[in-house]
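Trainee: Quick one: the structure is below, and I'll ask about it shortly.
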Amino acid sequence: MKRLRVSCVVLAIGLQGLAAADDGITYKYEEDDGTVWFTDRKPNADQLDQFHFKGYHGRPPARSSCRGADDGELARRQDRIETPVQRLSDRYGIDPLLIKAIIAVESCFDPKAVSRVGARGLMQLMPYTANAVGVEDAFDIQQNLRGGIEYFTRMHERYDGNTAFALAAYNAGPAAVERHDGIPPYPETRTYVRRVLERWRAYRSQANGKGSGTE
C-alpha cells in the first residue's frame, strides 16, 4: 500500500507540469479512508485494489477526427452542415458562427466522431447529455445538432450570455463552473474555451471581410 501511495503522489505532483497540455484528462481517485488523489494517468490495473475511479475533469474533444483531414475534406464536411446549423441557430437564438466554432473544435465537423471518453457526433454529446435533450441517435446529424445547440443555449442563458462560462459548462459541466465560480482550472477545459473563442473570432473576421456584418 505504501508503494502505491508514493506512486500516486508522484503523478499528482507531475500535474503541475501539464497546465498547458492540450489533451490532459485529470483523473480523481479516492482511497477507502477518504484520501483523494489527482493524476493525469490512469493507474495500472494492479494498482486499483484500494482506489475507486471518481471521474475526470474536462472532456476531451474527438481529436482523431481531425487527423488526416485536409482543408478540402474539412470544407466538404462543413458544407454538409451549413444549412442545418443556420436553421437551428436561428431557432435557438444563438450565433451560428459560435456553433460552427464549437463543432470545429469538438469533432472537426465529423458526424461519426467518437472521443476516448465516449462523446459522440458533431457536437460530442455524452450519453447522459444526449438523453437529457431527447437525442436518440447522436450520430444523426439533425438530432446531434439540435440536441447540442439546445444544450449549449441552455448554458448560455444560465450564465446570462457569458460565452466563456457557457463553453466551460459545455465541456466540464455546470456544477464545475459553479463550484469554481467561473472557468474551472482544468487544463482540458481552459484549452477548450480558448480554442473555441479563437475559432469564433476567426469566423467572425472572415464573415466581416466578406461584408456580412456578422457580430
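Trainee: Show the residues, 5+ positions off or on another chain, whose built amide H is closer than 5 Å to the amide H of Leu125.
Mentor: Hits under the 5 Å cutoff: Arg120.
Trainee: Hey, another quick one. Pop out the ³J(HN,Hα) list for the range 58-66 in order, Karplus 6.51 cos²θ - 1.76 cosθ + 1.60 with θ = phi - 60°, rounded to Hz; leave Gly and Pro as x.
Mentor: Each residue of the range 58-66 in turn: x, 9, x, x, 8, 5, 4, 6, 8 Hz.
Trainee: For Asp95, enumerate residues with amide H under 5 Å from its amide H, sequence gap 5+ or separate chain, H modeled in the peptide plane.
Mentor: Hits under the 5 Å cutoff: none.
Trainee: Another question, if that's okay. Quick one: net charge of Val133's neighbours, Cβ under 10 Å, K/R +1, D/E -1?
Mentor: Details: positive: Arg146, Arg154; negative: Glu150.
Summing Lys and Arg as +1 and Asp and Glu as -1 gives +1.
Trainee: Follow-up question, since we're still on this one. Provide the per-residue ³J(HN,Hα) series for the range 104-111, in order, calculated from phi with Karplus coefficients 6.51, -1.76, 1.60 and θ = phi - 60°, each as a whole number of Hz, with x at glycine and proline positions.
Mentor: Taking θ as phi minus 60°, the curve returns 4, 6, 5, 9, 6, 6, 9, x Hz for the range 104-111.
Trainee: Quick check on packing: order 99-109, 75-85, 149-159 by the mean number of other C-beta atoms within 10 Å, highest mean leading. Before the final figure, lay out each step's value.
Mentor: Values: 99-109: 24.7, 75-85: 14.5, 149-159: 18.8.
Highest-to-lowest ranking by the protection proxy: 99-109, 149-159, 75-85.
Trainee: Once you sort the root eigenvalues of the Cα gyration tensor of the range 123-209 as a ≥ b ≥ c, which label holds: rounded (a/c under 1.5), prolate (a/b larger than b/c) or oblate (the other case)?
Mentor: Values: a/c = 1.83, a/b = 1.11, b/c = 1.65.
Oblate, because a/c is 1.5 or more while a/b does not exceed b/c.
Any read-out appearing in this document is the output of simple, stated calculations on the displayed coordinates, not a laboratory observation. In this text the structure is predicted, and so the values were computed from the model without any measurement. Glycine gets a Cβ as well: all are built from the backbone with ideal geometry, and neighbour counts include every protein chain shown.
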